[in-house]
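The block underneath contains the structure these notes are about, expressed in structure tokens.
The values are calculated or read from the model by the stated rules, or taken from the named source; none is laboratory data. Just so it is clear, the model here is predicted, and its values are computed rather than measured. Neighbour counts are summed over all protein chains in view; Cβ atoms, including those assigned to glycine, are modelled from backbone coordinates with ideal geometry.
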């Protein structure tokens, strides 16, 4: 016989509490066992008036609502509050009953603006400390990488940089150089290709155009710099910059923050070729850090005598050319020092035609800072052993796997809001959610073992229970002594 269900039930009576309606293996229930936000009220107390105004939302409830959304991949406040209206697990996780009224979605926006990005970074840092206390973070080996986050702007909002346009429009004729006098010719200058004006978004000026590959279209993006511990894949550092920021120039800053957070010395760091700067190799050698970073290939020579044919003497600070002549230090450059030959020596050199152009008088070589460390890294790359290769393989699936997890499961592929502080808050909460998942998974096998022991204990009779407790106590004592 076909059954019939009355769907027009107007009243509901639920015996017990909401916790009984949430499954034990639900992600929010597992995270609730390891999440500690008791310190948060004192942390955000300076943001509120102590004796004026109406009571605001409980800080812990607000953060729990945000984290519940990130666990479900919901990054927008409107969608989060719609889901929390009907999701029993979210209500229980945030501390709201069936009859309680949930806060308005705009309240979460005001909370983010009032607290600031630094307090949300403190929430992320607390998750790192909790994972370290549980033994999930060693801190000796970290994997560093960067990823792009698409900005929340449309293509129609992109326009040329307004500053350059304003200067071009306000450029008067008085600023121009006077024409040369009659009978005199102006010295010829090499023509330089004019730079194209940068495009920026009028709705989000912090986002910059960048791309991750040459074949990909440039998009307005932010860049997240991530450091992942090797032990259990815990994120130990997160920083967000504009898309055009160089990740290689921020490596040592990342290592310094990791050591400050984990209170341990970094002994090994892995990164891809974007971090293969000579200054990074030199800084890692100075701090006794094993840098597993493959150096980039030397550029193709544009002349018959490339710069690689010149030998640098670091002790005497001179450069020897293939003809045996010396190039002395002339002036500092942007990222190194400029070495220049003598005009009389280069003028009668037998290799002049293959070394310099017909219009040039001398050959100049730029030696970047940390050039000796770069040469040692290149020689080491050719002799990488199996252990070093395995460390670099772990880098690829450790940190790049975390980026994929954040984008596919927690909504970090595209920024939910505009502005650098808002994107940083989104990155901090995403990293905190991933760390809490690692922490909850660490305690899951122990809880299953305890539940099995309790079930086995309840199945025994009274005399057997006494023997079981005595045997278990002895085993625990032996384990503690060992």
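Regarding residue 45, is this residue exposed (fewer than 14 other Cβ atoms within 10 Å of the Cβ), out of contact with any helix residue (DSSP H, G or I) (no Cβ under 8 Å at 6 or more places or on another chain) and at pLDDT 90 or above? First the steps, then the outcome.
Values: exposed (fewer than 14 other Cβ atoms within 10 Å of the Cβ): yes; out of contact with any helix residue (DSSP H, G or I) (no Cβ under 8 Å at 6 or more places or on another chain): yes; at pLDDT 90 or above: yes.
The answer is yes for residue 45.
With the requirement that a residue be in a loop (DSSP other than H, G, I, E, B) and either touching a strand residue (DSSP E or B) at 6+ places or on another chain (Cβ under 7 Å) or farther than 19 Å from residue 436 by Cβ (or both), what does the stretch 59-81 give you?
Initially, the stretch 59-81 is screened for residues in a loop (DSSP other than H, G, I, E, B), giving 72-76.
The one that is in a loop (DSSP other than H, G, I, E, B) and either touching a strand residue (DSSP E or B) at 6+ places or on another chain (Cβ under 7 Å) or farther than 19 Å from residue 436 by Cβ (or both): 76.
Which residue out of 348, 363, 396 is over 26 Å from residue 292 (Cα atoms) and surrounded by fewer than 14 Cβ atoms within 10 Å (Cβ to Cβ)?
Values: 363 fails: surrounded by fewer than 14 Cβ atoms within 10 Å (Cβ to Cβ); 396 fails: over 26 Å from residue 292 (Cα atoms).
Going through 348, 363, 396 in turn, just one is over 26 Å from residue 292 (Cα atoms) and surrounded by fewer than 14 Cβ atoms within 10 Å (Cβ to Cβ): 348.
Could you pull out every one of the strands (runs of 3 or more DSSP E) wholly within the stretch 201-263 that has 2 or more residues that are within 25 Å of residue 281 (Cα to Cα)? Steps first, answer last, please.
On the way: elements: 208-210, 219-229, 235-242.
Passing ranges, in order: 219-229, 235-242.
In the stretch 237-288, what residues are surrounded by 20 or more Cβ atoms within 10 Å (Cβ to Cβ), closer than 16 Å to residue 370 by Cβ and touching a strand residue (DSSP E or B) at 6+ places or on another chain (Cβ under 8 Å)?
251, 255, 269, 271, 275, 278, 280, 281, 284
Got a number for residues in the stretch 364-382 being in a helix (DSSP H, G or I) and either farther than 13 Å from residue 308 by Cα or more than 26 Å from the chain's Cα centre (by Cα) (or both)?
Taking the stretch 364-382 first, the residues in a helix (DSSP H, G or I) are 371-381.
From what's left, either farther than 13 Å from residue 308 by Cα or more than 26 Å from the chain's Cα centre (by Cα) (or both): 371-373, 375-381.
Residues meeting the conditions: 10.
Please count how many residues of the stretch 399-436 are without any contact (Cβ under 8 Å) to a residue 12 or more places away in the chain and surrounded by 19 or more Cβ atoms within 10 Å (Cβ to Cβ).
Start the filter on the stretch 399-436 by keeping residues that are without any contact (Cβ under 8 Å) to a residue 12 or more places away in the chain, which leaves 404, 408.
Checking the rest, the ones that are also surrounded by 19 or more Cβ atoms within 10 Å (Cβ to Cβ) come to none.
Number satisfying all stated conditions: 0.
It is to be established whether one or more residues within the stretch 124-135 are assigned to a loop (DSSP other than H, G, I, E, B), surrounded by fewer than 20 Cβ atoms within 10 Å (Cβ to Cβ), more than 19 Å from the chain's Cα centre (by Cα) and not assigned by TED's automatic domain parsing to the domain that holds residue 237.
So in the stretch 124-135, the residues assigned to a loop (DSSP other than H, G, I, E, B) come out as 134-135.
In the following step, the residues that additionally are surrounded by fewer than 20 Cβ atoms within 10 Å (Cβ to Cβ) were identified as 134-135.
Right, trim to more than 19 Å from the chain's Cα centre (by Cα) and you get 134-135.
Now narrow it down to the ones that are not assigned by TED's automatic domain parsing to the domain that holds residue 237: none.
No, because not a single residue in the stretch 124-135 is assigned to a loop (DSSP other than H, G, I, E, B), surrounded by fewer than 20 Cβ atoms within 10 Å (Cβ to Cβ), more than 19 Å from the chain's Cα centre (by Cα) and not assigned by TED's automatic domain parsing to the domain that holds residue 237.
Quick one: count up the residues across the stretch 82-99 that are more than 21 Å from residue 33 (Cβ to Cβ) and in a helix (DSSP H, G or I).
Filtering the stretch 82-99 down to residues more than 21 Å from residue 33 (Cβ to Cβ) leaves 82-83, 85-86, 98-99.
Then drop every residue that is not in a helix (DSSP H, G or I), which leaves 82-83, 85-86.
Of the residues in the stretch 82-99, 4 are more than 21 Å from residue 33 (Cβ to Cβ) and in a helix (DSSP H, G or I).
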